[in-house]
1. When you look at the Cβ of every residue in B:80-87, what mean number of other chain Cβ atoms sits within 10 Å?
2. If each label sits 7 angstrom from Cα along the C-beta direction, how far apart, in nm, is A:Gly238 from its counterparts in the other copies?
3. Given springs between every Cα pair under 10 Å in a Gaussian network model of chain A, which of A:Ser82, A:Ser179, A:Ser239 has the largest fluctuation?
4. If you average the sequence gap of Cα pairs under 8 Å that are 6 or more apart and divide by the length of chain B, what percent do you get for the contact order?
5. State, to one decimal in nm and shortest first, how far the label point of B:Glu259 sits from each corresponding label point in the other identical copies (label point: 7 angstrom along Cα-to-Cβ).
6. A:Ala95 to A:Ala168: extension gain in nm, 0.36 nm per residue of separation minus the Cα-Cα distance?
7. Considering only A:Ala205, A:Ala168, A:Ala68, give the residue with the highest GNM mean-square fluctuation for chain A, with springs between Cα atoms whenever their separation is below 10 Å.
8. Within 10 Å of each Cβ in A:30-41, how many Cβ atoms from other chains are there, averaged over the peptide?
2 protein chains.
Amino acid sequence: MKETLEKYASMINSRLDSLMDAYDKDNAKAQLVCAEAMRYSLKAGGKRIRPVLAMEFARMSCGDEKMALDCGCALEMIHTFSLIHDDLPCMDDDAMRRGQPSCHKAYGEAVALLAGDALENYAFEVISADEKLSFEQRVKLIKCLSRAVGVMGMIGGQIIDLQNVGKAFDGEKLLKMYSMKTGALIRCACEMGCICGGREDMISAAHRYANALGLAFQIVDDILDITADEKLLGKPCGSDAELDKSTYPAVFGMKAAREKSAELTNAALDEIKAMGGSEFLAGLTAYLLDRTF
Amino acid sequence: MKETLEKYASMINSRLDSLMDAYDKDNAKAQLVCAEAMRYSLKAGGKRIRPVLAMEFARMSCGDEKMALDCGCALEMIHTFSLIHDDLPCMDDDAMRRGQPSCHKAYGEAVALLAGDALENYAFEVISADEKLSFEQRVKLIKCLSRAVGVMGMIGGQIIDLQNVGKAFDGEKLLKMYSMKTGALIRCACEMGCICGGREDMISAAHRYANALGLAFQIVDDILDITADEKLLGKPCGSDAELDKSTYPAVFGMKAAREKSAELTNAALDEIKAMGGSEFLAGLTAYLLDRTF
């Protein structure tokens, strides 16, 4: 599993590099600052979960994970843009991200704002220019991604999260927020893999898998915010408690959180079996539950 | 001319309304705040120049301006998102826009940031869902728009503009910044009209027209920032001088600015003639030079 994950991650990292290289040609010094800030946040890494999911669903669909490589990069650009904007002082005001100063700490607020805007935009440009895919596939992918990002998806979840202070959320509202804020993009990643692989009949099963995985992933994040080693996590722990935010463990208790994430992981594993199985995906799913950062 | 402009603007305004209505269904109260902020800034109006250009080029291409109505709305969403983010305290810190408090003054910085993000995203969603157009047209339109918005276009121009303090710019750099910050989206609007109308052979001529119009438009903006009536302009005058920004009149003098904008307007009118003419476009072009706000 780890080997395949590293192979995927290295494909993604090198494709992100070459996509960003396009910006280094014919560019004024000023614009290079923006491209540099985009690259700084993109390169900081993270687990590349979304592109890995897109690529593995493409492989399961058509045997070639590379069909979803550029779409995976687009997903990572969207994810990174949301982190850059989330870290800004008017949002969560986080100084550290992925083990390094957050984008606005390194480049200033104005450049970070625009680098986020440019990453959001570049995601759509990359898909529109992906000539491996038919025009119809590209349109479907852009529709899928933009819906996942918008007011009904990730951004809607961020808006709901803004009101998540002073433990204002009950369980239902918390689950809705999670399903939008992190769930929508994970669902979209799996769906994009099916579209890239020409297997739209797999989308419903992919959604069921993604719903279970997405929520398990978020609950584990919540648990790690309480229990993890800050150095491994790459950002300060306890930030949820400090901001007095509702989290799964805060609302349901730590024991229920551990049980729920295990139960969801099992449900996700069952979906993989029902789809005909993927050893790598099963390994990845179990690993995401057991991770320590 | 005014009549046609009003007809176009009213088509655009009502389509923007119905595109935003989609967000009012099934939405939690929290998300509605975001949709409300998007609508607040979209509805504030402005001259709708970009969608009007897209629609008129579609009409010139295929006889039906409605072919570019949704693309026009997408252009207005991009323009509005850039204004919302430009007004934020970390950018130009403007409290007024289009005659009303700017988005972050009305809804707070976090909601304004996310409303801008959501408008940028919704623009691509709207084009991807425009079933009047073929998949190929939609892909070409999204490619065209995303290139105009990115680091080589509008956002690149905003980045260069960040360094425009203390009269640091010479004429060449100023013209480059204008060509990207406002020029790219105006060029894109005309090109999108040609694509919607199925006349890609018109794109080069459309670009030549748009280059002349875009720069003339920007120079007139600069002149109005010095000379206009604040009440008509809808935002405070003298903000460029206050921020000690280079502008066309500041670098080349007011007389040269007036001459250049007239010369560019004539060049744009010549391009319209060469394209076979459009009475409305000629009237609009002359009106944009002579406007007082």
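What follows is calculated from the coordinates using simple rules that are stated; it is not laboratory data. Here the structure is a predicted model, which means the values were calculated and not measured. Heads up, the Cβs are rebuilt from the backbone with ideal geometry, glycines too, and the neighbour counts pull from every protein chain shown.
1. Numbers: counts 0, 3, 2, 0, 0, 5, 3, 0.
Partner-chain Cβ atoms within 10 Å, mean over residues of B:80-87: 2.
2. Distances between equivalent label points, in nm: 5.1.
3. A:Ser239
4. Values: 414 pairs, mean separation 56.3, N = 293.
Once normalised by length, the contact order is 19 percent.
5. Going from nearest to farthest copy, the values are 8.3 nm.
6. On the way: separation 73, 0.36 × 73 = 26.28 nm, distance 2.51 nm.
Contour length minus the Cα-Cα distance gives 23.8 nm.
7. So, out of A:Ala205, A:Ala168, A:Ala68, the one fluctuating most is A:Ala168.
8. Numbers: counts 12, 10, 3, 5, 8, 5, 0, 1, 1, 0, 0, 0.
That works out to 4 on average.
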